[in-house]
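So the structure is just underneath, and the comments pick up after that.
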Amino acid sequence: MTAVSEVLARAKDEGRAALVGYLPVGFPDVEGSVRAVRALVESGVDIVEVGLPYTDPLMDGPVIQTAATRALEGGVRVRDVFTAVRAVHEAGAAAVVMTYWNPVLHYGVDRFAADLSAAGGSGLITPDLVPDEAQEWIEASDRHDLDRIFLVAPSSTTERLRMTTGAARGFVYVAALMGVTGARTSVGDAAGALVERTRAVTDLPLCVGLGVSTREQVAQVAGFADGVIVGSALVRTLVDAPDPDTGLADLRALARELAAGAREGGR
Amino acid sequence: MISETTTERLGRFGDFGGRYVPEALVAALEELDEHRQKAMSDPEFLGALAELHRSYTGRPSIITEVPRFAEHCGGARVVLKREDLNHTGSHKINNVLGQVLLTKRMGKSRVIAETGAGQHGVATATGAALLGLECTVYMGRVDTERQALNVARMRLLGAEVVPVDHGSRTLKDAVNEAFRDWVTNVDSTHYVLGTVTGPYPFPEMVRDFHRIIGVEARQQVLDAYGRLPDAVCACVGGGSNAMGIFHRFVDDPDVRLIGLEGGGEGVDSGRHAARFTGQATPGVLHGAYTYVLQDDDGQTVESHSVSAGLDYPSVGPEHAFLRDSGRAEYAPVTDDEAMEAFALLARTEGILPAIESAHALAGAMKVGRELGPEGLVLVSLSGRGDKDVDTAARWFGLLSGEEIVEAEQKKAEEPVGESAGSGG
């Protein structure tokens, strides 16, 4: 396992933010997604969020949903996520799985945790599982020494920030805005304010996501966060590409840009 | 009492229910829960709602005994609870009026809703117009095309109707899109969820707004027959009309509660919406842990029913609890059986039921034969069938070839709705 906490600590020592990149497994196909996650790591992404495609992704905007739908149409299976996780791990970065809860529940929470751990994964990001409902996952992640990355949102009360960060491990996913995944023209003020409120209640690293898509935005967020999460912009390079090779080249180019941004804005 | 054991854990009915949502929505759900709990014990709120029920919806809805229909039900007596006579044509208005009043109370100015085929969307657009709220209704693209008349109704009422092009482009995708809107606009917006599912407090709140169906019906049957019914039949999509009529009878152990699901082309065909009798297993969909039609990877499987209002891959968590605890029975009714019951009620009693409600009538025919002449069956007639005339006319071949061509041409020029949900 390449621990998320080690990667974040190393970035901090280097005086920069970590870059966290999201791609779904199975798009354009399983093999293509494995090549794509490797390309992310080779281009400077520190932590890869491997997305597990799901039929009803209510937290995702149109770009990620398009990729997930095509992956499902292409026959991607839950077990394929471990193939991509292994590839990230072997390429030398930390891998976490971003997944809605039902596929994990159906696979079997403990079995999923065991297989993720065996593949070298660090933990899970669960956009529709809040700690209040996560007892089974908290126990399984303890048994298998996995990180539990819960989200905090601008609407979270101080009491919930305390409870959620208390249940989290690895890092805290700070949702920069009220909304779903997808590029925005600006990151907005909510992210900085929420990072400040969250820092007041936890020492865990804070990674900011939702709406971050350009080098400039990454640099801006890197000024106040421990990590910057980019999803839709990376996925879009593959969705928009006329062919897989072009997609991969565009993906590498964007990831290098974003990695430079993470270095420019370090705290 | 079984109805009280359901509240031991917050938002759970036994193991079912819960709150599987993005953190961004938790504050809104807590705000909603606080407001509705206060409202439900506030005489002013309850008075305002009761007045709307009386002077706007037309409550109490009557009960109607249907003896000529009952001749086909093994001789048992059959009584209909006439939610079809409500303003907007279904039970849906009961819940919507409660939720739009709450929206005002929370100081929000906009409501959103999902609709499979139109009835909940029409009710929400109506409630929004009545109280001066902005309204956006999400509807799968496939459904907007099938239900053009209801789209026009909602627009006439001042609502914006947004076709959803994701996924299967039907009800479940409209629900996803409504959640996305809500996550983004939660400060100004309340999500008027249309059935007894979703994250807590929706299943409990929507049930409580529909509970009036059973409260009225139980008293009406007692007054008219001097005893309780032997069975209560209701169709179950998400399950709101069924929960509404069942709940007042849950503590009457001698009353059988029977939910009828969309059996589509038969459970074995794979084209159905039978969550309790098909390959459904417990899982999470749209914020609740309940029975879900899903494949062996936990991906949601598309459902099918001739009735758009029953065509939903999940079901309210309280139904899951009632089923597993043995308090209620659930059975599938095929498209064929439902349409037979539809035609029978029309021809014997002069009532066109919603196709959703026809599933409950088909259930009454079966249970009536079990009970025999001593039996008394109460049926929730959740909605009226005006919206389903086109579907039914085609189903029974009531139009000649020329008339169908003419209707198709007319439809191409000025689309006419096919079917609208009122069973959820």
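The values are calculated or read from the model by the stated rules, or taken from the named source; none is laboratory data. Computed from a predicted model, the values in this text were never measured in an experiment. Don't worry about glycine lacking a Cβ; one is built from the backbone with ideal geometry, like all the others, and counts go over all protein chains shown. Each accessible area value is taken on the protein alone, full model and side chains, heavy atoms only, with ligands, DNA and RNA left out. Shrake-Rupley method; radii C 1.70, N 1.55, O 1.52, S 1.80 Å.
Residues in the stretch B:289-304 that are open to solvent by 30 Å² or more (accessible area, probe 1.4 Å) and not in a loop (DSSP other than H, G, I, E, B): B:289 only. Scanning the stretch B:334-345 for any residue that is open to solvent by 10 Å² or more (accessible area, probe 1.4 Å), away from chain A (no Cβ under 11 Å), touching a strand residue (DSSP E or B) at 6+ places or on another chain (Cβ under 7 Å) and not in a helix (DSSP H, G or I) turns up at least one such residue. Within the stretch B:186-208, the presence of at least one residue that is open to solvent by 30 Å² or more (accessible area, probe 1.4 Å), touching a strand residue (DSSP E or B) at 6+ places or on another chain (Cβ under 6 Å) and among the hydroxyl-bearing types (Ser, Thr, Tyr) is confirmed.
Within the stretch A:156-201, being in a loop (DSSP other than H, G, I, E, B), within 12 Å of another protein chain (Cβ to nearest Cβ) and modelled with pLDDT under 95 holds for A:176, A:177, A:178, A:179, A:180, A:181, A:182, A:184.
Contact map, the stretch A:30-41: first residue without any contact (Cβ under 8 Å) to a residue 60 or more places away in the chain, second residue outside any helix (DSSP H, G or I), Cβ cut-off under 6 Å, separation 6 or more or different chains; pairs are A:33/A:25; A:33/A:26; A:33/A:27; A:37/A:23; A:37/A:48; A:41/A:93. The single condition among (1) in contact (Cβ under 8 Å) with a residue 24 or more places away in the chain; (2) open to solvent by 30 Å² or more (accessible area, probe 1.4 Å) that residue B:307 does not satisfy is (2). Of the residues A:227, A:209, A:223, the single one that is small (Gly, Ala, Ser), touching a residue at least 24 places away in the same chain (Cβ under 8 Å), under 24 Å from residue A:44 (Cβ atoms) and open to solvent by 20 Å² or more (accessible area, probe 1.4 Å) is A:223.
Among the residues of the stretch B:261-288, those identified as crowded, with 24+ Cβ neighbours inside 10 Å and in contact (Cβ under 8 Å) with a residue 60 or more places away in the chain are B:261, B:262, B:263, B:264, B:272, B:284, B:285, B:286, B:287, B:288. Highlighted here are the strands (runs of 3 or more DSSP E) found entirely within the stretch B:144-243 that include at least 1 residues which are within 14 Å of chain A (Cβ to nearest Cβ): B:160-164, B:189-191. Whenever a residue of the stretch B:245-260 is in a helix (DSSP H, G or I), its partners that are surrounded by fewer than 22 Cβ atoms within 10 Å (Cβ to Cβ), lying with C-beta atoms within less than 6 angstrom and at least six residues away or across chains, give the pairs B:247/B:211; B:248/B:215; B:248/B:218; B:249/B:255. Screening residue B:270 with (1) within 14 Å of chain A (Cβ to nearest Cβ); (2) over 14 Å from residue B:171 (Cα atoms); (3) at pLDDT below 95 gives one miss only, at (1).
Pick out, from the stretch A:56-154, the helices (runs of 4 or more DSSP H) lying fully within it that include 3 or more residues that are within 10 Å of chain B (Cβ to nearest Cβ).
Values: elements: A:62-73, A:80-91, A:101-107, A:109-118, A:135-143.
Passing ranges, in order: A:62-73, A:101-107.
With respect to residue B:326, determine if the residue is surrounded by fewer than 19 Cβ atoms within 10 Å (Cβ to Cβ), at pLDDT 95 or above, more than 20 Å from the chain's Cα centre (by Cα) and not in a helix (DSSP H, G or I). Taking the combined requirement at face value, the residue satisfies it.
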